[in-house]
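Trainee: The structure follows.
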């Protein structure tokens, strides 16, 4: 039996003393409970290590180092002549990758922020996981041997550079052992005098649009900030392209989070981001994706949150009809006609609205006559002004 103390000590029950009292007929409530081998460290519970001093739970150093050894050995084999012989590309046994993935998901229970780095390897496994039982049954029924030198193709998977690099990144971040607080109250934005910031954002599917957002802090209720970043040519896409639309929404959310942390007041910041794309909310909330084009953005966000541990983020889905002003900002200086009619009390309608003009007028009608443009310096502003030349 293990024990842990609030000052970070751990030890075991002295069973010899307990058994002596039991043999001597001492009543249960009078038997001595002595703890021995008390040392400073973490108490293992259900495969995790609990630190009662910091109130955190994380994985053991041994598990992480064992995973590191396994990953490095797998990468070395995959890139060797033996690993290249199967398909002409780096390959590894599927069972080995499955075991590593299992350990990885177990680590993610207490290190959820590094989940993004399991995605390349998980995607590579998906098809083979579906085919494996079918092909294995067919292989056995055919009577083919599956011993050394006659290993069926479906027990191997291509283990490319992206998966290798991502697993090394995963192990490197797991080694930090940041862990997760246990037995805590449910997190509430603004608790313990933390500053709160809201981001209402949208991404336009138009080639002349971009990513737009408005930022508001309850600590400065009469101030509103906004940002607009037009698409580069390689980021442009049609509205009907779901994958590209999700990429644009995700990229916008990642950039706007970085802008908010840079400009909002407060060292300890709680950010509530409102996004009208349900798929983007799922990607950001779970750190996983299906389209490989999203990898750079999901990993960029994970690295950013790693570098800013004082920031907490809540991702909320917002119905499109309730996000007309961010939609206006995302259309930039393109001619714009808002869906759902005009805003009450808006100043006299211009002959032709642009997205930024309409959104600015809508905010003015709601009591925000001055808008702070973020950022005020840097490449964002250069892109913003280049897009504003009409």
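The values are calculated or read from the model by the stated rules, or taken from the named source; none is laboratory data. Since we're looking at a predicted model, the values are computed, not measured. Please note: Cβ atoms are built from the backbone with ideal geometry, for glycine as well, and neighbour counts cover all protein chains shown.
Trainee: Anything in segment 229-250 that is at pLDDT below 90 and not in a loop (DSSP other than H, G, I, E, B)? List them, or say none.
Mentor: Hits for segment 229-250 are 229, 230, 233, 234, 235, 242, 243, 244, 245, 246, 247, 248.
Trainee: Could you count how many residues in segment 209-227 are surrounded by 23 or more Cβ atoms within 10 Å (Cβ to Cβ) and assigned to a loop (DSSP other than H, G, I, E, B)?
Mentor: Final tally of qualifying residues: 1.
Trainee: Given segment 1-103, what helices (runs of 4 or more DSSP H) lie entirely inside it while holding 2 or more residues that are over 33 Å from the mean Cα position of the chain (by Cα)? Spell out how you get there, then give the answer.
Mentor: Details: elements: 15-23, 61-78, 81-84.
Ranges flagged: 15-23, 81-84.
Trainee: Then there's this: Tally time: how many residues in segment 27-53 are in contact with a strand residue (DSSP E or B) (Cβ under 9 Å, 6 or more places away or on another chain) and farther than 24 Å from residue 107 by Cβ?
Mentor: 7
Trainee: Being within 24 Å of residue 41 (Cα to Cα) and either modelled with pLDDT under 85 or loosely packed, with under 12 Cβ neighbours inside 10 Å (or both) is the filter here, so list the residues in segment 7-23 that pass it.
Mentor: Result: 7, 8, 9, 10, 11, 12, 13, 16.
Trainee: Further question: Can you find a residue in segment 46-60 that is farther than 28 Å from residue 304 by Cα and either assigned by TED's automatic domain parsing to the domain that holds residue 159 or at pLDDT 90 or above (or both)?
Mentor: The answer is no, given that none of the residues of segment 46-60 is farther than 28 Å from residue 304 by Cα and either assigned by TED's automatic domain parsing to the domain that holds residue 159 or at pLDDT 90 or above (or both).
Trainee: A further question follows. Scan segment 146-157 and give yes if some residue there is modelled with pLDDT under 90, crowded, with 19+ Cβ neighbours inside 10 Å and outside the structural domain of residue 297 (by TED's automatic domain parsing), otherwise no.
Mentor: At the first step, the residues of segment 146-157 found to be modelled with pLDDT under 90 are 146-157.
Applying the additional criterion that residues be crowded, with 19+ Cβ neighbours inside 10 Å yields 156-157.
Add one more test, that the residue is outside the structural domain of residue 297 (by TED's automatic domain parsing), and what stays is 156-157.
Among the residues of segment 146-157, at least one is modelled with pLDDT under 90, crowded, with 19+ Cβ neighbours inside 10 Å and outside the structural domain of residue 297 (by TED's automatic domain parsing), which makes the answer yes.
Trainee: Yes or no: residue 78 touching a residue at least 12 places away in the same chain (Cβ under 8 Å), touching a strand residue (DSSP E or B) at 6+ places or on another chain (Cβ under 6 Å) and crowded, with 21+ Cβ neighbours inside 10 Å?
Mentor: Spelling it out, residue 78 is indeed touching a residue at least 12 places away in the same chain (Cβ under 8 Å), touching a strand residue (DSSP E or B) at 6+ places or on another chain (Cβ under 6 Å) and crowded, with 21+ Cβ neighbours inside 10 Å.
Trainee: Something else about it: Can you find, within segment 257-275, the residue that is farthest from residue 316 (Cα to Cα) among those that are assigned to a loop (DSSP other than H, G, I, E, B) and out of contact with any strand residue (DSSP E or B) (no Cβ under 6 Å at 6 or more places or on another chain)?
Mentor: 267
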